[in-house]
Amino acid sequence: MSFRVCALPMEPFAALFELSDRELRERRALLRVADRKPGFPCRVSLVDAEVGETVLLVNYEHQDAATPFRSSHAIYVRAGAVQVHCAVGEVPPLLRTRLISLRGFDTEGMLVGADAIEGTRIEEAIERLFEDERIAYLHLHYAKPGCYAARVERA
């Protein structure tokens with residue numbers, strides 16, 4: 001099974017780095033400085049922020065389907081991040097270092113299947129879920145905090 005891990009584009013977040021603290025709070029966001037690594041996984045570059053890097057912490061609606069599974073959660077975005085474009089079958093190292101929850105959705109945004117697995121074994125879970133033809137895409141989440149990590153599409 002061919003798949004592609006998809007990072008978020010930077011465009012929706014870039015202007016937020018220029019806002020005041022008050023303006024950020026109005027958008028359910030704030031700026032932080034990474035004080036450990038790992039700990040601040042960027043959803044645009046799919047790498048952990050380096051200690052001392054500025055990151056945006058923002059509530060992001062990653063599942064915008066008009067279903068009961070509509071969902072948002074906090075994510076980090078590194079200042080100046082460049083969107084990574086993973087090759088078919090490539091899994092960024094960031095995803096290999098954490099317990100990952102995988103959620104499979106159909107074209108209507110309904111949950112069809114799910115799994116949780118150590119990131120070192122993520123390909124097998126992706127392939128197993130995509131064996132179900134009803135699953136159109138997967139969302140990966142960092143299982144412990146529950147926050148959205150990336151989208152996986154069939155390739």
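Inspection of the stretch 86-101 finds no residue satisfying the criterion of being acidic (Asp, Glu), touching a Ser or Thr at 6+ places or on another chain (Cβ under 9 Å), at pLDDT 95 or above and under 22 Å from residue 154 (Cβ atoms).
Residues that are aliphatic (A, V, I, L, M) and under 12 Å from the mean Cα position of the chain (by Cα) were ranked within the stretch 85-100; the one that is farthest from residue 43 (Cα to Cα) is 100. Scan the stretch 10-47 for residues that are outside any helix (DSSP H, G or I) and either at negative phi or over 17 Å from the mean Cα position of the chain (by Cα) (or both) and the total you get is 22.
Of the residues making up the stretch 82-99, those that are closer than 14 Å to residue 127 by Cβ and aliphatic (A, V, I, L, M) are 88, 91. Scan the stretch 43-84 for residues that are touching an Asp or Glu at 6+ places or on another chain (Cβ under 8 Å), within 26 Å of residue 111 (Cβ to Cβ) and not hydroxyl-bearing (Ser, Thr, Tyr) and report the count. Total satisfying the criteria: 2.
Of all residues in the stretch 103-116, none that is within 11 Å of residue 132 (Cβ to Cβ) has its Cβ atom under 7 Å from the Cβ atom of a residue that is assigned to a loop (DSSP other than H, G, I, E, B) and among the polar types (S, T, N, Q), 6 or more apart or on another chain. Residue count for the stretch 84-124 satisfying the condition of being surrounded by 18 or more Cβ atoms within 10 Å (Cβ to Cβ), β-branched (Val, Ile, Thr) and in a helix (DSSP H, G or I): 1. In the stretch 1-37, the residue that is farthest from residue 85 (Cα to Cα) out of those that are among the aliphatic types (A, V, I, L, M) and touching a Gly at 6+ places or on another chain (Cβ under 7 Å) is 33. Of all the listed residues (89, 104, 80), the sole one being among the small types (Gly, Ala, Ser) and closer than 19 Å to residue 142 by Cα is 104.
The values are calculated or read from the model by the stated rules, or taken from the named source; none is laboratory data. From a predicted model like this one, the values you see are computed outputs, not experimental measurements. Positions of Cβ are backbone-derived with ideal geometry, glycine not excepted, and every protein chain shown enters the neighbour counts.
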